[in-house]
Amino acid sequence: MNRNRARAFAYQALPMRVVMGPGVVAQLPDEIDRAGLERVLVLCSPEQEELGHAVAQLIGDRAAGVHPHARMHVPVESVAEARDRVAELGADGCVTVGGGSAIGLGKAIALEHGLKIIAVPTTYAGSEMTSVWGLTENGRKRTGKDLRVLPVSVLYDPELTLSLPPAVSATSGMNAIAHAVEALYAPDASPVISLMAEDGTRALATTLPAVVADGADVLARAEAQYGAWLCGVCLGATTMSLHHKLCHTLGGTLDLPHADTHTVVLPHALAYNQPSAPEAVAALGRALGGADPAVALWELARKLGAPGSLRELGMKEAAIDRIVELALAAPYANPREVTAEGLTRLLRRAWAGEPPTPLTEPDTTTGVP
Ligand code: NAD
């Protein structure tokens with residue numbers, strides 16, 4: 001019946017302002033005005049302290065101080081420390097400068113105290129576009145969704161990414177592509193997001209080799225940041241599946257590095273889902289210019305000189321069974337049924353650094369396609 005082939009979806013835009021372009025960080029004072037803030041605390045990781053002070057200088061009188069203590073995975077102790085600093089300085093908002101760690105700290109404070117955040121992202125991870133927060137306590141990471149943690153404004157200035165090392169640029173960019181890939185076959189996929197996912201993937205895949213070859217190429221950096229923004233929107237608007245769940249389990253259980261793990265797992269997770277996600281394969285084929293998007297992503301990662309195996313990241317082969325067990329413990333939506341056998345095969349390939357299963361090769365695990 002024709003009715004079954006008609007488009008059907010729900011789409012909810014997130015309330016947020018985005019300003020992009022070389023030099024836009026100079027507009028921070030205007031954004032602070034617009035948000036109605038009087039005194040903001042600049043949050044960053046220790047490695048970005050210098051950048052944090054440069055941003056505070058730009059803000060002028062309304063910078064209450066710089067707090068360069070953001071840490072990966074947002075430990076609760078770091079949140080308590082930052083919250084005390086906010087109270088002591090009488091800050092009414094935060095400006096986060098840096099990657100997912102800096103934004104993560106800002107989100108944790110916003111969650112507890114409702115302080116507004118203005119984000120100045122300098123990696124491609126995409127957290128600034130989502131209402132997802134994360135907190136780590138006693139070695140366990142809790143996550144949740146709350147609109148209060150969404151930045152009011154995000155300033156994407158490619159000039160602030162020029163110092164991002166080639167290796168981090170490569171894996172952070174692949175991390176962003178992973179959001180777009182899973183948005184294309186998400187249970188809550190929608191046409192606007194799918195268009196963004198396709199163009200975000202195209203922008204990053206075509207420009208990351210230039211970024212890695214010359215980190216000071218502002219044009220390439222700007223295009224990569226544009227792609228990362230689109231991919232971040234995809235992450236914020238949809239529910240992620242197998243790939244993100246697997247990376248979360250690998251990162252949380254084995255403490256593997258976030259962006260590197262995404263880079264290694266993505267081609268394999270996509271290869272697993274491709275037979276059950278023909279529309280995603282078509283969109284990614286257009287974006288990446290090949291018949292087999294999983295293989296194209298694997299080749300892109302090789303071209304970027306990114307890590308190619310979980311073994312290289314320090315995972316022991318013996319851990320595969322435990323990861324499979326944990327990844328199967330909590331069910332989630334995925335285009336293709338996730339089986340222990342299929343997951344074991346996927347992880348074995350990813351661990352050993354083999355290319356992903358080709359789309360044309362029938363999968364003996366479940367008989368797909
Ligand atoms: P990160 O913030 O730790 O940054 C990665 C590395 O890049 C660090 O070594 C940092 O010092 C460096 N760096 C950042 N900006 C730089 C610059 N301008 N110049 C030079 N070096 C720079 O990590 P990330 O990869 O941006 O984000 C990963 C974290 O974010 C993880 O904890 C992940 O769980 C979280 N995350 C959350 C969401 C969400 O929606 N909540 C989305 C994506 C990622």
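Kirkwood hydrodynamic radius computed over region 218-319 comes to 14.9 Å, based on all pairs of distinct alpha carbons. Figure note: Tyr124, Tyr185 ranked by solvent-accessible area, largest first, 1.4 Å probe, ligands and nucleic acids not counted: Tyr185, Tyr124.
Computing FRET efficiency as 1/(1 + (r/R0)^6) for Leu58 and Glu312, where r is the C-beta to C-beta distance and R0 is 41 Å, gives about 0.55. Take Tyr332: with every protein chain present and a 1.4 Å probe, its accessible area is about 60 Å². Based on the Cβ-Cβ distance of Met72 and Ala282, what FRET efficiency does E = 1/(1 + (r/R0)^6) give at R0 = 30 Å, to the nearest 0.05? Result of the calculation: an efficiency of 0.25. Look at the dipole of the chain built from charges on Cβ: of Thr357, Val74, Val24, the Cα furthest out on the positive end belongs to Thr357. Per residue, the Cα convex hull of the chain amounts to 131 Å³. Ranking Thr339, Thr360 from most to least accessible surface, computed with a 1.4 Å probe over the protein chains only, gives Thr360, Thr339. Each DSSP beta bridge with both residues in the chain is either parallel or antiparallel, and the antiparallel ones are about 20%. Based on protein heavy atoms only, the chain ends up with 43 Å² per residue of surface accessible to a 1.4 Å probe. Distance between the pseudo-spin-label points of Ala329 and Val192 (7 Å out from Cα toward the beta carbon): 3.7 nm. For region 227-236, the Karplus equation 6.51 cos²θ - 1.76 cosθ + 1.60, evaluated at θ = phi - 60°, returns couplings of x, 5, 4, 4, 5, x, 4, 4, 4, x Hz by residue, with Gly and Pro reported as x.
Largest first, the three principal axis extents of the alpha carbons in region 24-140 are 39, 31, 25 Å in whole numbers. Counting heavy atoms of the protein chains alone, Arg83 has an accessible area of about 70 Å² for a 1.4 Å probe.
Note on the chain: with neighbouring protein chains present and a 1.4 Å probe, carbon and sulfur make up 52 percent of its accessible heavy-atom surface. Under 5 Å from the amide H of Ser153 lie the amide H atoms of Arg17, Ala119, each residue being 5 or more positions distant or on a separate chain, with H modelled from the backbone and absent for Pro and chain starts.
Remark: spin-label model distance Ala216-Ala352 equals 4.4 nm, labels positioned 7 Å along the Cα→Cβ axis.
With r defined as the distance between the Cβ atoms of Thr143 and Glu112 and R0 fixed at 25 Å, what FRET efficiency is calculated, to the nearest 0.05?
Once the sixth-power term is evaluated, E becomes 0.95.
Taking Thr239, Thr201 and ordering them by how much accessible surface each has at a 1.4 Å probe, largest first, produces Thr239, Thr201.
Among the DSSP beta bridges whose two residues both lie in region 17-161, what percent are antiparallel, rounded to the nearest 5? Roughly 20 percent of the beta bridges in region 17-161 run antiparallel, per DSSP. For the chain, adding -39500 (n - 2.57) for each run of n ≥ 4 DSSP H residues and dividing by the number of residues yields -16000 deg cm²/dmol at 222 nm.
Of the cross-linked pairs Lys107/Lys303; Lys116/Lys245; Lys141/Lys316; Lys116/Lys141; Lys141/Lys303; Lys107/Lys245, those separated by over 31 Å at the C-alpha level are Lys107/Lys303; Lys141/Lys303. Using only the alpha-carbon atoms of region 166-352 as identical scatterers, what base-10 log of I(q)/I(0) does the Debye formula give at q = 0.11, 0.14, 0.20 Å⁻¹? Here log10 of I(q) over I(0) equals -0.43, -0.70, -1.42.
A dipole drawn for region 17-161 from +1 and -1 charges on Cβ atoms has a positive end, and of Val40, His53, Gly144 the residue lying farthest that way is Gly144.
Only Lys, Arg, Asp and Glu carry charge here, each on its Cβ (+1 for the first two, -1 for the last two); on that basis region 166-352 has a dipole of about 240 debye about its Cα centre. Only Lys, Arg, Asp and Glu carry charge here, each on its Cβ (+1 for the first two, -1 for the last two); on that basis the chain has a dipole of about 880 debye about its Cα centre.
The values are calculated or read from the model by the stated rules, or taken from the named source; none is laboratory data. Since the model is a prediction, treat every value here as computed from it, not as a measurement. Heads up, the Cβs are rebuilt from the backbone with ideal geometry, glycines too, and the neighbour counts pull from every protein chain shown. To get the accessible areas, we keep the full protein, side chains included, count just its heavy atoms, and leave off ligands, DNA and RNA. Shrake-Rupley method; radii C 1.70, N 1.55, O 1.52, S 1.80 Å.
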